[in-house]
Amino acid sequence: MSIPMPNQPVRGSKTGKPIMALLDLLGRTWSLGIIWNLSKQVLTFRELQNRCDGISPTLLNTRLKELRVTNIIEKTGKGYALTAIGEELLLLIYPMGDWANMWGEHLITVKGSNHEG
């Protein structure tokens, strides 16, 4: 599987619109988890692996490579860190978390009132 890049075919888009490339990248197993774990501090490979519930080294290496090639994270002398553009992405992800909490509450309310399971 290739690294999702704007203007190249990606999952869900033959034209590779930038938003589709981003959603493909972020939708990959552990991509968001890695970004989230780097939101507060620089972490080494081993620290990231521990924080990502024992992700396999192979998968972690793959995701780190994808996130580095797409300039969302970088490797520093102390470990892995978000780039400036990765920090900007995180600022967009935070409100999605708030929206997801509201959505979850809404679904509980709707399911409770409809008595559907």
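Quick note: the coordinates plus some simple rules give every number you see, no bench work behind them. No experiment lies behind these values; they were computed from the predicted model shown. Cβ coordinates were reconstructed from backbone atoms using ideal geometry, including for glycine residues, and neighbour counts include every protein chain displayed.
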Using modelled backbone amide H atoms (1.01 Å from N, in-plane), which distant-in-sequence or interchain residues come within less than 5 Å of residue 73's amide H?
-> 68, 83
Dipole magnitude of segment 18-114 about its Cα centre, charges +1 at Lys/Arg Cβ and -1 at Asp/Glu Cβ only, in debye to the nearest 20?
-> 360 debye
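Give the whole-number value, in cubic angstrom per residue, of the convex hull volume spanned by the C-alpha atoms of the chain.
Cα convex hull per residue, to the nearest whole number: 142 Å³.
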Measure off 7 Å from each Cα along the Cα-to-Cβ vector at residue 47 and residue 93, then give the distance between these two points in nanometres to one decimal.
-> 1.6 nm
For segment 97-114, 3J(HN,Hα) per residue [Karplus equation, 6.51 cos²θ - 1.76 cosθ + 1.60, θ = phi - 60°, Hz, x = Gly/Pro] = x, 4, 4, 4, 5, 5, 4, x, 4, 4, 5, 4, 5, 5, 5, x, 7, 8
Lysine pairs in segment 18-114 with alpha-carbon atoms under 24 Å apart, 8 or more places apart or on different chains: how many are there?
-> 5
Give, as a single signed number, the net charge of other residues whose beta carbon lies under 15 Å from the beta carbon of residue 62, with Lys and Arg counted +1 and Asp and Glu -1.
-> +3
Label model pair residue 62, residue 111: point-to-point distance (7 angstrom along the Cα→beta-carbon line) in nm is 3.0 nm
